[in-house]
Amino acid sequence: MANIRTMTFDAVIVGGGGSGMRAALQLAQSGYKTAVITKVFPTRSHTVSAQGGITCAIASDDPNDQWQWHMYDTVKGADFIGDQEAIEYMCQTGPEAIFELEHMGLPFSRTEEGRIYQRPFGGQSKDFGKGGQAARTCAAADRTGHALLHTLYQGNLKNETTFLNEWFAVDIVKNSDNAVVGVVALNIETGETVYVKSKATVFATGGAGRIYASTTNAHICTGDGIGMALRAGFPVQDIEMWQFHPTGIHGAGTLVTEGCRGEGGYLVNKDGERFMERYAPNAKDLAGRDVVARSMVLEILEGRGCGPDGDHVYLKLDHLGEETLNAKLPGILELSRTFAHADPVKEPIPVVPTCHYMMGGIPTNVNGQALTVDGEGNDQVIEGFYACGEAACVSVHGANRLGGNSLLDLVVFGRASGMFIEQQLREGVELKDASEADIEAAMAGLNELNDSTGGENASVLRAELQTIMQNYFGVFRRGDFMQEGIAKLAALRPRIKNVALSDKSNAFNTSRIEALELQNLFEVAEATAITAEARTESRGAHAREDFQERDDVNWLCHSLFFPADKRVGKRDVNFTLKTREAFEPQIRTY
Amino acid sequence: MLNVSIYRYNPEVDSEPYMQDFEFDTQGKDIMVLDVLEKLKIEDPTLVFRRSCREGVCGSDGMNISGKNGLACVTPLSSVVKKNKLVIRPLPGLPVIRDLVIDMSQFYAQYEKIQPYMINDTPAPAIERLQSQEERAKLDGLYECILCACCSTACPSFWWNPDKFIGPSGLLQAYRFLADSRDTATEARLSNLDDPFSVFRCHGIMNCVQVCPKGLNPTKAIGHIRDMLMRTAT
Amino acid sequence: MVTNVTSLGRSGLSDWLIARVSAYVMTAYLIFIVGYLMLTPELSYTQWAALNSSLPMRMFSLLTILSIAAHAWIGMWCVLTDYITVRLIGPKATALRIIFQLGMIAITLLYVIWAIDILWGI
């Protein structure tokens, strides 16, 4: 069975979203034989849905803006478990990465001076929190992700990157040294299975928001990279940290950008009260996302929610005027009219906190090298294995990501991974070839699925999984509930392992893909659940009713989930900056 | 019960395509066409279609819905159901891989042909290239294209010559770069378009404008390209 | 850039321009003739012959004939390259299209010569 075709590349990138294509671009420019494996045509990746912008201190709105201020905001937003070395690298390198994108043609909106337009976003400040609200998010109207993704794809076309479009990576191939030497991938159109061999395998597989029932994420955000890493026995970091975006359209889950509040919109409860003034007197509606989301849930729980069931609040925009809305937020008008049947020019948009972003992921250093820890707790690089973007946890977002930082993360660390791999390849990388048995091992899951008889429908199982996650691991969490949830997940595992695949055909068999995605979703969900239960404190997006305070004595650290024994370990947060002394943890208020 | 008729073809099983009827209970709700397909796929896992963002920005689920091309995820039933019947076919004019999934290589090839990337030979400044708000405004209505192919596969000229006529989507993108104040390859771009097929197969039928789910106007962009060709050639 | 040797102007723009200009000429000719006939209720052969044998009118008619020929050439060429293609009817299409195109060109030229003969034979 392992007699499958082998395709050989210097570097292979799994995932054709923002970070994957930024890494690919770097490698394609270097002339190394690079391929991007992507399960959808690149411009269908979820980066396309990013709206508000990309946060970076390019000093357009405020000529005196400093990247150090952005760094401070990010560290604080992360509730102090973001790696400060990585945050420093991201904020310092950011402007260069943004200007590169502009030179590649990204159609940013402009200021009167002709510079890139920047808008205010949540958690932004000047002068280390002392200088008031900053406007630091570079925007292309409210379609920044679309503009960014298309620009990156265009850049890759220009540099003739090899794309394996509509190919699905099934599992990691490891050699006898436990190094990663490629992946087994499936050509969706033909059903052919291929061993894609590579000296550097980059996971840019994005998030897994689909573990929740209500999510802003696309159908394709199924945590495939995380699932593969966990099955290969590699740990994941801070996976309990899930961001709930304050403004998902009630019922539909589609995202309404934070830029709405940046442009002057605000949230109101059923009494028409601008309630964020109570929860965050200074930043108000532009407090950290975790803070705003929790405030909204509290309003709803305390009976001040809107609508017949009192299960959402309103985002008010009509006071901004039609002209501003058309110019700054045209995509939001379109989405709201389509999915909320509300015209923001005249009426508020019904919104509710909705799962949006996975702060955790595959632990990496700033070069994108995936890490594990040895018995003594020292970081160990996994040879041949890299990750960037949402799939990685480098970790710049810690316990809560700031709006606009995800796109910056994508380009900065996609680029950094590409540059580092280029250097590695130049120095010469020697990895042992995978044996027949190694490839066989990566095929095992797929073979089992292909041989399955009976089992339950993938859609039904997926819905069950999503309901468990939504009910037991949502915005507010509680130990006993979570234990119940973990037990339910444990019962679900054998059923998902035995998922039905009634359609065995080869040509564009999306049932097979959905079954594989479901298994990936499950791995992410289980890691989330067990780690969330273990972190006995409240920090950033992880809010526990039974442990309401942040516990810096025990938990000022990353969590690590080890799949082999489902153990939760700890890893130190990096506090060593190159340019200044570290930011010490302080009480986080907005 | 809503009658849903769907184009089915699995190359491994079917010798030729056929239309299959499903009964669907909308429970009185005006849901999106994609929701219908998702629910039908639970019943019949062999039903195949592309989808990703489900909010009309990724361009995956372009299909022919009751005779008109559109994105399933942003097309409510109320706008396409006639006499309690919904008919779903793949986008016309390109080869079908399976069910509602078409082979879009020809469409992408035309996109690649117009060199859809910024070309600027001048040395890049240390910051961004400046662009006035007026210059940037020229890109509105162009850069928003999501490559869903609804327009090009609604265009008879593209049906007949998908290998020679760039098609509305590609031409919209061609103009996106021609109109960009930062691009310096205007002349080369124009001379690549001045043949009887690439641009001039557009006969102004305007199906593209009628179906574009993003409300864009490729015919207008094609008119602009023609004007630019005229200006440089005369 | 798609190259083609049997189109009239050889470039998309010139074909497009010729089609438009020739259409204007034909429209003008039509308006003139219809107008003339309406304003001359009792038209005699002598009047009609006099009109058509004047040099300006001969030039106008010739221009119109050439316009019809060019317009037809471009139009027919478009139709042939739309429908008689390898994509639509298989490998025999190329030969068939060339035959049709050459035939169409020959007929067009024949008509032009014949028309000149008539115009200068009045």
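The figures follow:
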read-out: Residues being outside any loop (DSSP other than H, G, I, E, B) and surrounded by fewer than 16 Cβ atoms within 10 Å (Cβ to Cβ) - total across the stretch B:1-19; value: 5
read-out: Residue in the stretch C:72-83 that is nearest to B:G93 (Cα to Cα), counting only those that are open to solvent by less than 60 Å² (accessible area, probe 1.4 Å) and more than 10 Å from chain B (Cβ to nearest Cβ); value: C:L80
read-out: Candidate set: the stretch A:54-78, residues that are in a loop (DSSP other than H, G, I, E, B) and away from chain B (no Cβ under 14 Å); chosen: the one least open to solvent (accessible area, probe 1.4 Å); value: A:A78
read-out: All positions within the stretch A:470-484 that are in contact with a Ser or Thr (Cβ under 7 Å, 6 or more places away or on another chain) and surrounded by 19 or more Cβ atoms within 10 Å (Cβ to Cβ); value: A:F473
read-out: In the stretch A:337-348, the residues that are within 14 Å of chain B (Cβ to nearest Cβ) and either open to solvent by less than 30 Å² (accessible area, probe 1.4 Å) or not aromatic (F, W, Y) (or both); value: A:R337, A:T338, A:A340, A:H341
read-out: Residue pairs meeting the criteria (Cβ under 6 Å; at least 6 apart or on separate chains; first more than 7 Å from every other protein chain (Cβ to nearest Cβ), in the stretch B:117-135; second open to solvent by less than 40 Å² (accessible area, probe 1.4 Å) and of a type in the set (G, A, S)); value: B:I119/B:A185
read-out: Failed criterion for A:C260 (all others in (1) crowded, with 17+ Cβ neighbours inside 10 Å; (2) not in a helix (DSSP H, G or I) hold); value: (2)
read-out: Given (1) over 18 Å from the mean Cα position of the chain (by Cα); (2) surrounded by 15 or more Cβ atoms within 10 Å (Cβ to Cβ); (3) more than 21 Å from B:A233 (Cβ to Cβ); (4) not charged (D, E, K, R), index of the condition C:N4 fails; value: (3)
read-out: The one condition in (1) open to solvent by 30 Å² or more (accessible area, probe 1.4 Å); (2) under 25 Å from A:C221 (Cα atoms) that A:K328 fails to fulfil; value: (2)
read-out: Residue match in the stretch A:549-562 (condition: out of contact with any Gly (no Cβ under 8 Å at 6 or more places or on another chain), farther than 30 Å from A:E376 by Cα and either assigned to a loop (DSSP other than H, G, I, E, B) or within 14 Å of chain B (Cβ to nearest Cβ) (or both)); value: no
read-out: One residue from A:A532, A:A543, A:A507 being within 14 Å of another protein chain (Cβ to nearest Cβ) and touching a residue at least 60 places away in the same chain (Cβ under 8 Å); value: A:A507
read-out: Set B:S181, B:S198, B:S191: member being within 11 Å of chain C (Cβ to nearest Cβ) and open to solvent by 40 Å² or more (accessible area, probe 1.4 Å); value: B:S191
read-out: A:A232 being open to solvent by 10 Å² or more (accessible area, probe 1.4 Å) and within 21 Å of A:A441 (Cα to Cα); value: yes
read-out: Strands (runs of 3 or more DSSP E) lying entirely in the stretch A:81-189 (those with 1 or more residues that are open to solvent by 10 Å² or more (accessible area, probe 1.4 Å), of a type in the set (K, R) and away from chain B (no Cβ under 14 Å)); value: A:167-174
read-out: Number of the exception - B:K39 against (1) at the interface with chain A (Cβ under 10 Å from one of its Cβ atoms); (2) farther than 19 Å from B:P95 by Cβ; (3) assigned to a loop (DSSP other than H, G, I, E, B); (4) open to solvent by 40 Å² or more (accessible area, probe 1.4 Å); value: (3)
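The values are calculated or read from the model by the stated rules, or taken from the named source; none is laboratory data. Since this is a predicted model, take the numbers as computed values, not measurements. Here the Cβ is made from the backbone with ideal geometry for all residues, glycine too, and neighbour counts use every protein chain on show. Heads up: the accessible areas ignore ligands, DNA and RNA and are worked out on the full protein's heavy atoms, side chains in. Shrake-Rupley method; radii C 1.70, N 1.55, O 1.52, S 1.80 Å.
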